[in-house]
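Below: the structure, in structure tokens.
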Amino acid sequence: MTKKILLLPGDGIGVEVVEQARKIIDFLRSEGTGIEYEMALIGGSAISQVGEALPQSTLQLAKVSDAVLLGAVGGPQWDSLPHEQRPERGLMNIRKELRLFANLRPAKSYPSLQAASSIKAEILGGTDMLIVRELTGGLYYGEPRTIGVNQQGIRYGLNTTSYTEVEIRRVAQVAFESARNRKKKVVSTDKANVLEVSRFWREIVTDLAKQYPDVSLEHMYADNAAMQMVRQPQYFDVVLAPNVFGDLLSDLAAAIVGSIGLLPSASLNEKSLGLYEPVHGSAPDIAGKGIANPLATILSLAMLFRHSLSLDAIADRIEQAVERTIAQEILTADLMMYSQHKSRRPFTTEAVTYAVIENMKDSKRT
């Protein structure tokens, strides 16, 4: 059965890294893998060409696709636009329209790149964690929200955080199911010592855990989780978090493993339609120079094959090829500075992708 992928290059280096992912897809198509893809506009490029960050044509294509791969959005040429018209609204709106409630961010250290982390090598070790972040609820989406003036004439800002039982259960289920395929351990983060919404979160997660007797559950205050991630990152397997805490902890995990250029992500809905994107931004300062790191996008493509297309063998093959490429120290400039051969000339975006494809060919032969 043919699978349909929508490619959204977006802005800045998003255009370059999605092009590299397209080359991986074309290679798989040459082997007879039943994949089709289309390309569409989002973000600043969409604003410049059609006047809105998320055109209806793009949204409709996304809704009839099996998965969406995004590059990045944003750039200085659109910074002066009103908040609701900026490129980032395209990303926020597509998440909302596709009901992408679960954000998965793996953070993995690679032996040859341990110097990229500020954590001591003996502490970092084989760190391999997955942050499962609730994406469409909590403080970022809560109502009411406003900036106003109270009865005493004092200005104030207001945001609201709340979660329903349904919202908590569905993202917690993603965490437990993910743990079953990993080390069978979930750490759920909250602030149940001060927040009613966190006490409710803990209650629902604890109840759901009864359905997963093979997975251990530990509750941890979010601030303590941040400290323990730095002290003993190898302790963590799957980390479950509400929207705000997940936002903070996933960026911390990125810093722990040392390079944002290696971190993919997936945002899923209840039907396994997913939006996949590298964690890094559009990096307009290096766009068009052929030096952008494509590996986070290629790893996002691997997650796409696993979570939305249920093609685990292809996902494994891509991930293993990336690991071999890193071990061979075929790296762009952002990573080469941490390699054992710092004097080696960095590889271009395209050259790194070519190496990944060659390693995929080698895995097919073996």
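A few comments on the model shown:
- Every residue from segment 178-204 that is surrounded by fewer than 22 Cβ atoms within 10 Å (Cβ to Cβ) and either of a type in the set (A, V, I, L, M, F, W, C) or free of Cβ contacts under 8 Å to residues at least 12 places away in the same chain (or both): N181, A192, V194, L195, E196, V197, R199, F200, E203, I204
- Residues satisfying the stated conditions in segment 281-295, i.e. in contact with a helix residue (DSSP H, G or I) (Cβ under 7 Å, 6 or more places away or on another chain) and either surrounded by fewer than 24 Cβ atoms within 10 Å (Cβ to Cβ) or of a type in the set (S, T, N, Q) (or both): S282, A283, P284, I286, A287, G290, I291, N293
- Looking only at segment 217-231, residues that are open to solvent by less than 60 Å² (accessible area, probe 1.4 Å), in a strand (DSSP E or B) and within 22 Å of L139 (Cβ to Cβ) come to 2 in all.
- Of the set (1) assigned to a helix (DSSP H, G or I); (2) out of contact with any His (no Cβ under 7 Å at 6 or more places or on another chain); (3) farther than 19 Å from G137 by Cβ, all apply to D214 but (1).
- Summed over segment 153-171, residues that are in contact (Cβ under 8 Å) with a residue 24 or more places away in the chain and not hydroxyl-bearing (S, T, Y) total 6.
- Those residues of segment 86-108 which are part of a strand (DSSP E or B) and crowded, with 21+ Cβ neighbours inside 10 Å, in sequence order: A102, N103, L104, R105, P106, A107
- Residues that are surrounded by fewer than 21 Cβ atoms within 10 Å (Cβ to Cβ) and either more than 13 Å from V174 (Cβ to Cβ) or basic (K, R) (or both) were ranked within segment 257-272; the one that is nearest to the chain's Cα centre (by Cα) is I260.
- Taken together, Q114, Q152 contain a single residue that is open to solvent by 30 Å² or more (accessible area, probe 1.4 Å) and under 19 Å from L263 (Cβ atoms), which is Q114.
- Restricted to segment 190-204, and to residues there that are outside any helix (DSSP H, G or I) and among the charged types (D, E, K, R), the residue that is nearest to the chain's Cα centre (by Cα) is D190.
- Total residues in segment 74-85 satisfying the condition of being under 18 Å from A287 (Cβ atoms) and open to solvent by 70 Å² or more (accessible area, probe 1.4 Å): the figure is 3.
- Scanning segment 232-272 for residues that are small (G, A, S) and outside any loop (DSSP other than H, G, I, E, B) yields A241, G246, S250, A253, A254, A255, G261, S265, A266, S267.
- Y212 over 25 Å from W78 (Cα atoms) and of a type in the set (F, W, Y): yes
- Segment 10-29: number of residues that are open to solvent by 20 Å² or more (accessible area, probe 1.4 Å) and either closer than 12 Å to G43 by Cβ or free of Cβ contacts under 8 Å to residues at least 40 places away in the same chain (or both): 6
- Taken as a whole, the condition of being charged (D, E, K, R), modelled with pLDDT of 90 or more and touching a Ser or Thr at 6+ places or on another chain (Cβ under 8 Å) does not apply to R86.
- Checking each residue in segment 28-76 for being farther than 11 Å from P87 by Cα, part of a helix (DSSP H, G or I) and not basic (K, R) picks out L28, S30, Q49, V50, Q56, S57, T58, L59, Q60, L61, A62.
- Taking every residue in segment 82-99 that is over 20 Å from G12 (Cα atoms) and pairing it with any residue that is surrounded by fewer than 20 Cβ atoms within 10 Å (Cβ to Cβ), at least 6 positions away or on another chain, the pairs with Cβ-Cβ distances below 6 Å are E97/L59; L98/N269; R99/N269.
- Count of segment 165-212 residues, restricted to those that are under 28 Å from S308 (Cβ atoms) and either in contact with a Leu (Cβ under 9 Å, 6 or more places away or on another chain) or not aromatic (F, W, Y) (or both), is 31.
- Elements of type helices (runs of 4 or more DSSP H) in segment 273-352, at least 3 residues being over 14 Å from the mean Cα position of the chain (by Cα) and over 18 Å from A67 (Cα atoms): 312-327, 333-336
- Residue count for segment 117-136 satisfying the condition of being of a type in the set (A, V, I, L, M, F, W, C), open to solvent by 10 Å² or more (accessible area, probe 1.4 Å) and under 21 Å from S300 (Cα atoms): 1.
The values are calculated or read from the model by the stated rules, or taken from the named source; none is laboratory data. These numbers were taken from a predicted model, which means no experiment stands behind them. Note that each Cβ is placed from the backbone with ideal geometry, even for glycine, and that neighbours are counted across all protein chains shown. To get the accessible areas, we keep the full protein, side chains included, count just its heavy atoms, and leave off ligands, DNA and RNA. Shrake-Rupley method; radii C 1.70, N 1.55, O 1.52, S 1.80 Å.
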